[in-house]
Amino acid sequence: MRGVVFNGDRNLEIAEFADPTPGPDDAVVQMKASGMCGSDLRFYRAPAGQALAAFGLSGDDGGIIGGHEPCGVVVELGVNVDPRTVRLGDRVMIHHYDGCGACDNCRSGWTQMCRRGAVIFGATAHGGHADFLRVPVRTLVPLPDELSFTAGAAISCGTGTAFGALRRLRVDACDTLAVFGLGPVGLSAVQLGAAMGARVVAVDVQADRVARAREFGAAHTIDSSADDPVAVIRELTAGLGVSAALDCSGAAVARAAAVRAAGQWGRVAFVGEGGEVTVEVSPDIIRKQLTVLGSYTFSLTGQADCARFVADHGIDLDRLFTDRWTLGDAVRAYAEFDQQAAGKAVIEF
């Protein structure tokens, strides 16, 4: 089979690998869609031989197939797999982490927080940028029949991350929600937040992303390259501020604005990785009784809940994708994705 290997220094290769065979408790999934995520660019851009270090990991990254948003069809099963649980032909997403299966975090579905160390498909183990992927059956998440494989790929990271944060923020129809950063995660948050009934205010520094957010359900949009988003949000909310804010950018200025835009008793979540933020603790947090939290992707059950929510509410996640590629196009696909000038990209099979 073919698989994409990130060599660093903006170089990748489409290498040949032996077709995988399942272990006793494994499944082999034929890929149908494998999303391209901004996190993949850390491997793509890293100095040669330092791809894992760029992701805060350690070890030998030689020969690891990239891609951590896999979705496809089960084509082989290990001898121990109960057919009442998984069958050949099942449409599945893959929770792109695995752990020991025994610690408290693993048993609650938060395998990325395994106390003995997590496996990350597409980083420390083979990922979805390949014809086939072998994974433990316990990592499989059913893909509802109403959803496309590309929608499943989106849910497997970016959209699922947005959903997990909104759930932790307890967003509902009583909320005004500000979303900072309108990449694929932010646009997903706009779609999901609107479906949850919230009045959504979408903020970004790029005018084209701001314009697109209207199409995804934002009630108000702010181009923060031209206007102070905190001032505009105060005006929109009669001086009160929003009840919930979500930063998807990881940018210090956006994080600080999310905190300052939240009103008394507000809730703020950060999902954008890396970087720092400086806030004035007393006026910005303590005296507003603010709750500030970090939200790290989603659990196994959270991924399934997200897929069911998207299906039940008729959310068109396929609109997130502006670029669709084949596996053979991977070199060109990542060269263009590296420019960060478009929306979400996906490798389709």
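Across the stretch 103-117, the number of residues qualifying as among the small types (Gly, Ala, Ser) and open to solvent by 40 Å² or more (accessible area, probe 1.4 Å) comes to 2. Could you say which residue among ALA252, ALA258 is over 28 Å from GLY109 (Cα atoms) and surrounded by 18 or more Cβ atoms within 10 Å (Cβ to Cβ)? Residue meeting the stated conditions: ALA258.
Residue count for the stretch 313-340, restricted to those that are under 18 Å from ALA189 (Cβ atoms) and in a helix (DSSP H, G or I): 4.
Residues checked against (1) among the small types (Gly, Ala, Ser); (2) part of a helix (DSSP H, G or I); (3) more than 20 Å from the chain's Cα centre (by Cα):
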{"site": "ARG255", "(1), (2), (3)": "no, yes, no"}
{"site": "GLU273", "(1), (2), (3)": "no, no, no"}
{"site": "THR278", "(1), (2), (3)": "no, no, yes"}
{"site": "GLN289", "(1), (2), (3)": "no, no, yes"}
{"site": "TYR296", "(1), (2), (3)": "no, no, no"}
{"site": "THR301", "(1), (2), (3)": "no, yes, no"}
{"site": "ASP305", "(1), (2), (3)": "no, yes, no"}
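Taking ALA173, is it farther than 26 Å from ASP82 by Cβ and in contact with a helix residue (DSSP H, G or I) (Cβ under 7 Å, 6 or more places away or on another chain)? So ALA173 does not fit the description; no.
The condition of being closer than 30 Å to ALA219 by Cβ, touching a strand residue (DSSP E or B) at 6+ places or on another chain (Cβ under 7 Å) and not in a strand (DSSP E or B) holds for only one of ALA162, ALA153, ALA173, that being ALA153.
The single residue among VAL230, VAL200, VAL185 that is touching a Cys at 6+ places or on another chain (Cβ under 6 Å) and of a type in the set (Val, Ile, Thr) turns out to be VAL185.
For every residue, the table says whether it meets (1) free of Cβ contacts under 8 Å to residues at least 60 places away in the same chain; (2) in contact with a Ser or Thr (Cβ under 8 Å, 6 or more places away or on another chain); (3) among the small types (Gly, Ala, Ser); (4) within 15 Å of ALA189 (Cα to Cα).
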| site | (1), (2), (3), (4) |
| --- | --- |
| ALA213 | yes, yes, yes, yes |
| GLY217 | yes, no, yes, yes |
| ILE233 | yes, no, no, no |
| GLY239 | yes, no, yes, no |
| SER249 | no, no, yes, yes |
| VAL281 | yes, no, no, no |
| THR291 | yes, no, no, no |
| ALA307 | no, no, yes, yes |
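Considering the stretch 16-31, the residues that are over 17 Å from ILE64 (Cβ atoms), open to solvent by 40 Å² or more (accessible area, probe 1.4 Å) and not acidic (Asp, Glu) include one that is nearest to the chain's Cα centre (by Cα), namely GLN30.
Conditions tested, residue by residue: (1) small (Gly, Ala, Ser); (2) at pLDDT 95 or above.
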{"position": "MET31", "(1), (2)": "no, yes"}
{"position": "ASP40", "(1), (2)": "no, no"}
{"position": "GLY62", "(1), (2)": "yes, no"}
{"position": "HIS96", "(1), (2)": "no, yes"}
{"position": "VAL119", "(1), (2)": "no, yes"}
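Beta carbons closer than 7 Å, at least 6 apart along the sequence or on distinct chains, pair a first residue in the stretch 323-349 that is loosely packed, with under 15 Cβ neighbours inside 10 Å with a second that is among the hydroxyl-bearing types (Ser, Thr, Tyr) and not in a loop (DSSP other than H, G, I, E, B) for ASP338/TYR44; ALA342/THR322.
Of note, GLY217 does not satisfy the criterion of being open to solvent by less than 10 Å² (accessible area, probe 1.4 Å) and either not in a loop (DSSP other than H, G, I, E, B) or not hydrophobic (A, V, I, L, M, F, W, C) (or both). Taking into account only those residues within the stretch 140-167 that are surrounded by 24 or more Cβ atoms within 10 Å (Cβ to Cβ) and of a type in the set (Ser, Thr, Tyr), which is nearest to HIS96 (Cα to Cα)? Among those residues, the one meeting the criterion is SER156.
Residues that are more than 24 Å from LEU293 (Cα to Cα) and of a type outside the set (D, E, K, R) within the stretch 233-260 comprise LEU236, ALA238, listed in sequence order. All of ASP227, ASP247, ASP223, ASP208 fail the test of being closer than 22 Å to THR161 by Cα and not basic (Lys, Arg), apart from ASP247. What do you reckon, is ALA211 more than 14 Å from the chain's Cα centre (by Cα), surrounded by fewer than 24 Cβ atoms within 10 Å (Cβ to Cβ), under 19 Å from PHE321 (Cβ atoms) and not charged (D, E, K, R)? Spelling it out, ALA211 is indeed more than 14 Å from the chain's Cα centre (by Cα), surrounded by fewer than 24 Cβ atoms within 10 Å (Cβ to Cβ), under 19 Å from PHE321 (Cβ atoms) and not charged (D, E, K, R). When SER299 is tested against (1) hydroxyl-bearing (Ser, Thr, Tyr); (2) open to solvent by 40 Å² or more (accessible area, probe 1.4 Å); (3) touching a residue at least 60 places away in the same chain (Cβ under 8 Å); (4) closer than 23 Å to GLU146 by Cα, only condition (2) is not met.
The values are calculated or read from the model by the stated rules, or taken from the named source; none is laboratory data. Here the structure is a predicted model, which is why all the values come from computation and not from measurement. For neighbour counting, all protein chains shown are included, and Cβ atoms are generated from backbone atoms with ideal geometry for every residue, glycine included. In case anyone asks, the SASA skips ligands and DNA or RNA and just uses the protein heavy atoms, side chains included. Shrake-Rupley method; radii C 1.70, N 1.55, O 1.52, S 1.80 Å.
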